[in-house]
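Worksheet: the structure to be examined is printed underneath.
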Amino acid sequence: MGVHREAYLRIREELDAAGVTLVAVSKTKPVADILELYELGQRDFGENYVQELTEKAAQLPADIRWHFIGHLQTNKVKTILPLVQLIHGVDSLKLLQEISKQSGRLGRVTDCLLQVHIAREETKFGLDEEELQQLQQRIAGSSLPFTRIRGLMGMASFTEDKTVVRGEFRSLKKIFDRLATESGPRFEMEILSMGMSGDYPIAVAEGSTLVRIGSLLFGERN
Ligand SMILES: *Cc1c(COP(=O)(O)O)cnc(C)c1O
């Protein structure tokens, strides 16, 4: 039970040395555990569910930077926007339009990452390369004054085969580099969100700038 303090301090040092941002993924974990890492200096936390994030944020210090890393539904944008620093899983123009509209109402610009599907597993979430290119073009042709695309997010396959994982991260980095040079206004590509508990060292070696780590810090989830 409780937070893995030693692991946290070790991982933090390792990532600091590499210049990589650590997002502590606290989904399903109690507020007390989040506070424990907060007291060790952690400020970036990631949550997947709107209601859980809303409830936790209300009980925790206001200088926490919340990352929304789950799948965001358009009708929930309004609820979480005032709380979040960065939305990781954007994969449609419709969602971006809503984020822009609601951000405008709040008088702010919201940073977003586009989610790219790189894993072998089938999932509804994330864009393949072709869809990403289409979305890139549609973004270029749209008015989205209150959003900024800061980078990409992706998840590698759940496999022990490190070669596969490395290859997937490498492909995401390639896409990131291409977008960073080609993309126009609304794009300020600086963040490559890849790497979790099981594969973050590989992700860092392949050019990740931000890792999302849960179970290594908070223990396994039920
Ligand atoms: C849960 C989750 C994580 C953290 O996973 P761990 O394996 O516990 O580190 C990272 N990213 C996303 C998108 C998640 O949903």
- Task: Only Cα pairs under 8 Å and at least 6 apart count here; give the relative contact order of the range 51-108 as a rounded whole percent.
- Result: 35
- Item | Solvent exposure, largest accessible area first (probe 1.4 Å, DNA, RNA and ligands not counted), of 55, 13 | 13, 55
- Task: Order 103, 142, most accessible first, counting only protein heavy atoms with a 1.4 angstrom probe.
- Result: 142, 103
- Item | Burial ranking of peptide ranges 191-199, 145-153, 41-49 (average Cβ count within 10 Å, highest at the top) | 191-199, 145-153, 41-49
- So what is the 222 nm mean residue ellipticity for the chain from helices alone, if each DSSP H run of at least 4 adds -39500 (n - 2.57) and you divide by all residues, rounding to the nearest 500 deg cm²/dmol? -12500 deg cm²/dmol
- Message: Can you give me the % of accessible surface on the chain that is carbon or sulfur? Probe 1.4 Å, all protein chains present, nothing else counted.
- Response: 48
- Message: I'd like the distance between the alpha-carbon centres of the range 137-165 and the range 15-74, rounded to an integer number of Å.
- Response: 20
- Task: Please calculate how many Å² of accessible area the chain carries per residue, with a 1.4 Å probe and no DNA, RNA or ligand atoms counted.
- Result: 49
- Hey, if we sort 139, 118 by accessible area with the 1.4 Å probe, largest down, what's the order? 118, 139
- Structure shown: which of 29/124; 76/101; 27/56; 56/76; 124/173; 29/162 lie over 18 Å apart, alpha-carbon to alpha-carbon? 29/124; 124/173; 29/162
- Would you please state the base-10 log of I(q)/I(0) at q = 0.08, 0.15, 0.19 1/Å for the chain, with intensities from the Debye formula using one equal scatterer on every alpha carbon? -0.27, -0.99, -1.52
- Message: Restricting the calculation to Cα positions, tell me the Rg (one decimal) and the Dmax (whole number) of the range 140-222 in Å.
- Response: 14.8, 44
- Item | FRET efficiency, residue 31 to residue 164 (Cβ-Cβ, R0 45 Å, nearest 0.05) | 0.75
- Query: Can you list the residues of the range 164-202 with backbone N under 14 Å from a point 7 Å past the Cα of residue 120, pointing along Cα to Cβ?
  - Reply: 164-169
- Query: For the range 99-142, what is the Kirkwood hydrodynamic radius in Å, using each pair of distinct C-alpha atoms?
  - Reply: 12.3
- Note on the structure: The simple spin-label model distance between residue 60 and residue 143, using points 7 Å out along Cα→Cβ, in nm, is 3.7
- Relative contact order of the range 115-222: what whole-number percent is it, with Cα pairs under 8 angstrom and at least 6 residues apart? 25
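The values are calculated or read from the model by the stated rules, or taken from the named source; none is laboratory data. In this text, all values refer to a predicted model and were calculated from it rather than measured experimentally. Ideal geometry is used to build each Cβ from the backbone, glycine not excepted, and the neighbour counts take in all protein chains shown. Note: areas computed on protein heavy atoms with side chains; ligands, DNA, RNA excluded. Shrake-Rupley method; radii C 1.70, N 1.55, O 1.52, S 1.80 Å.
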